[in-house]
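Written below as structure tokens is the structure these notes are about.
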Amino acid sequence: MNELQRKDLQYIWHPCSQMKDYESFPPIVLERGEGPYLYDIEGRRYLDAVSSWWVNLFGHSNKRINKAIANQVDKLEHAIFANFSHKPAIELAERIVKLTPEGLNKVFFADNGSSAVEVALKLSFQYHQQMGKPKKIRYVAISEAYHGETLAALSVGDIDLYNEIYKPLLLNTFKAAGPNCYRCPYGEDRENCEGSCIEDMERIVSEHHEEITAVIIEPMIQGAAGMKIYPAIYLKKLRQLCNTYDIHLIADEIAVGFGRTGKMFACEHAQISPDIMCLSKGLTAGYMPLSLVLMTDTIYDAFYDDYVSLRAFMHSHSYTGNPIGCAIACESLNIFEDENVIDKNRITSQRIQERIRPLLDHPNVGEFRQLGMVGALELVKDKKTKEGFDWKQRVGYQIYQIALKHGVLLRPLGNVIYFMPPYVVDEKDIDFMVGTAEKAICEYLGR
Ligand SMILES: *Cc1c(COP(=O)(O)O)cnc(C)c1O
């Protein structure tokens, strides 16, 4: 352990970690980043195959974005956003409304993903309170959902690792059994799926719609659940269901927005518009915390009144609408336009798929699933029965450590090793990324 690592462990509590692990596996102290690579203080480099927790789009220390920051910081770094505004926020709001699915016409600013989810949940609840539906106080989420880690966000989450201990504090959310395509209980396959798994959602919504204000969902990919990809038909049916019963559909596109799934927004796969949409992570290309909550005019209008009525949304965050974050987001949208990013990513995605093929007959690779720029290998103990490894074995974590030694950052989700690289990876980077994953899997599990 070097001096910086020692000091780090003396003072810092790292996220989503058992700090005792750091005794044998101390933090890697980074110095700089360039393109898809991170460099530590000893000059070793790591390919950032998870986009630093799904945020980075165009590589680290991107020249265009760096310049946009420099330009903005010389003008205005931050200012109060109540009664005041600025060009970067106005430009961003206008462009985002034009880019997102039809009907999402108003933008509320927050400053990270979880707070965007809080805003969405509060908006839906308050809307129904103000519309004379005081009984609508409950949310519906699907199994293994993830929407962030503040208390309300955890309440609509269903991953025990994050939720379990807090359950006595959490809201009473309905949990519907969601899609589980690799182990589909209906025996459907992805290509000819009829979305039968909407059944449990239908049951809950039809029985309890009078109490339900909103359904929240991660469109197309349940990220934290292990990059669980599901067909668009589920979203189509869910949209219908919410319409039938006067329930808001909240699309949490925090992880999947900005091209990750091969479309600018994941809802486009199902050609649906949610009532509320949350955006963060890729919004600032991985540079700064910023989030947006988009909503329909119907929701916005229900809050529009004389001040004395107080049908206002009395919600704020100190760094709401930060101009530097907004300037970055605008430059990121410029890059999407100028560099034809969505089209180019199709080729990158194809390459990852081709490169992964030799690994598919490995006895512990249960499935490789992919949508756009997200690919995931689900490792199993038994390929035939699809029985997974015991989580206490920490198979993914062991493979992660081996891959790091070989220079690739592949931080897993349980027994799922996934690829979600910045969009700037080239052919060599992909070979290195997938080749190292293969090497690490075979080194740990044999071949
Ligand atoms: C990361 C994430 C969040 C939470 O965002 P934070 O900025 O980490 O609070 C919420 N929903 C989804 C789908 C996410 O992936």
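If one computes the Cα centroid of the stretch 205-240 and of the stretch 358-406, what distance in Å separates the two points? Spelled out, the Cα-based centre of one part sits 26 Å from the other.
Translational diffusion of the chain, estimated by Stokes-Einstein from the Kirkwood radius over alpha carbon pairs at 10 °C in a medium of 1.306 mPa s, is 69 µm² per second. Cα gyration tensor of the stretch 182-255, axes a ≥ b ≥ c as square roots of the eigenvalues: rounded (a/c below 1.5), prolate (a/b > b/c) or oblate? Taking the square roots of the gyration eigenvalues as a ≥ b ≥ c, the stretch 182-255 is oblate.
Compare the peptides 276-282, 379-385 by average per-residue count of other Cβ atoms within 10 angstrom and give them in order, highest first. Display every interim value, and only then the final one.
Numbers: 276-282: 27.7, 379-385: 15.0.
Result, highest mean Cβ count within 10 Å first: 276-282, 379-385.
Simple spin-label estimate for residue 5 and residue 354 gives 3.9 nm between the two label positions (7 Å along the Cα-to-Cβ direction from each Cα). Roughly how many whole Å is it from the C-alpha centroid of the stretch 299-346 to that of the stretch 21-98? Result: 17 Å between the Cα centres. Peptides 347-356, 128-137 ranked from most to least packed by the mean count of surrounding Cβ atoms within 10 Å: 347-356, 128-137. When the stretch 236-386 is described by a simple charge dipole with +1 on each Lys and Arg Cβ and -1 on each Asp and Glu Cβ, the residue from 368, 286, 307 located farthest towards its positive end is 368. Within the straight-line cut-off of under 18 Å between alpha carbons, the aspartates and glutamates reachable from residue 106 are 91, 94, 118, 252, 253, 275, 297, 301, 305, sequence neighbours fewer than 8 places apart in one chain being disregarded. The accessible area of residue 436, taken with all protein chains in place and a 1.4 Å probe, comes to roughly 10 Å². Think of the stretch 75-338 as having a plus end and a minus end, set by charges on the Cβ of Lys, Arg, Asp and Glu; of 316, 270, 195, 316 sits farthest toward the positive end of this dipole. Computed from point charges on the beta carbon alone (+1 for Lys and Arg, -1 for Asp and Glu), the dipole magnitude for the chain about its Cα centre is near 520 Debye. Computed packing ranks the peptides 195-202, 412-419, 307-314 as 412-419, 195-202, 307-314, most packed first, by mean other Cβ atoms within 10 Å. Under 5 Å from the amide H of residue 413 lie the amide H atoms of 418, each residue being 5 or more positions distant or on a separate chain, with H modelled from the backbone and absent for Pro and chain starts.
With every protein chain left in place, what is the accessible area per residue of the chain in square angstrom, probe 1.4 Å? Kindly include the intermediate steps, with their values, before the conclusion.
Numbers: 20890 Å² over 447 residues.
The answer is 47 Å² per residue.
When the accessible area of the stretch 75-338 is computed with all protein chains present and a 1.4 Å probe, what percentage of it is carbon and sulfur? Here it works out to 53 percent.
Largest first, how would 447, 45, 190 line up by accessible area (1.4 Å probe)?
On the way: 447 150, 45 115, 190 70 Å².
Final ranking, largest accessible area leading: 447, 45, 190.
Rank 387, 118, 218 by accessible area, highest first, at a 1.4 Å probe radius? Present the calculation step by step, with values, prior to reporting the outcome.
Numbers: 387 90, 118 40, 218 20 Å².
Per-residue accessible area, sorted high to low, gives 387, 118, 218.
Using helices alone, what [θ] at 222 nm do you get for the chain, with -39,500 (n - 2.57) per DSSP H run of 4 or more residues, divided over all residues and rounded to the nearest 500?
Value at 222 nm, helices only: -10500 deg cm²/dmol.
Note on the stretch 75-338: along the principal axes its Cα atoms extend 58, 47, 37 Å, ordered by decreasing extent. In the context of the full protein assembly, residue 394 retains an accessible surface of approximately 90 Å², using a probe radius of 1.4 Å and ignoring ligands and nucleic acids. Residues with beta-carbon under 13 Å from that of residue 180, excluding residue 180: net charge, scoring Lys, Arg +1 and Asp, Glu -1? Once all neighbours under 13 Å are counted, the net charge is -3.
The values are calculated or read from the model by the stated rules, or taken from the named source; none is laboratory data. Only a predicted model underlies this, so the values are computations on that prediction, with no experimental measurement involved. Neighbour counts run over all protein chains shown; Cβ positions are idealised from the backbone, glycine included. Quick note on the areas: whole protein, heavy atoms, side chains included, nothing else; ligands and nucleic acids left out. Shrake-Rupley method; radii C 1.70, N 1.55, O 1.52, S 1.80 Å.
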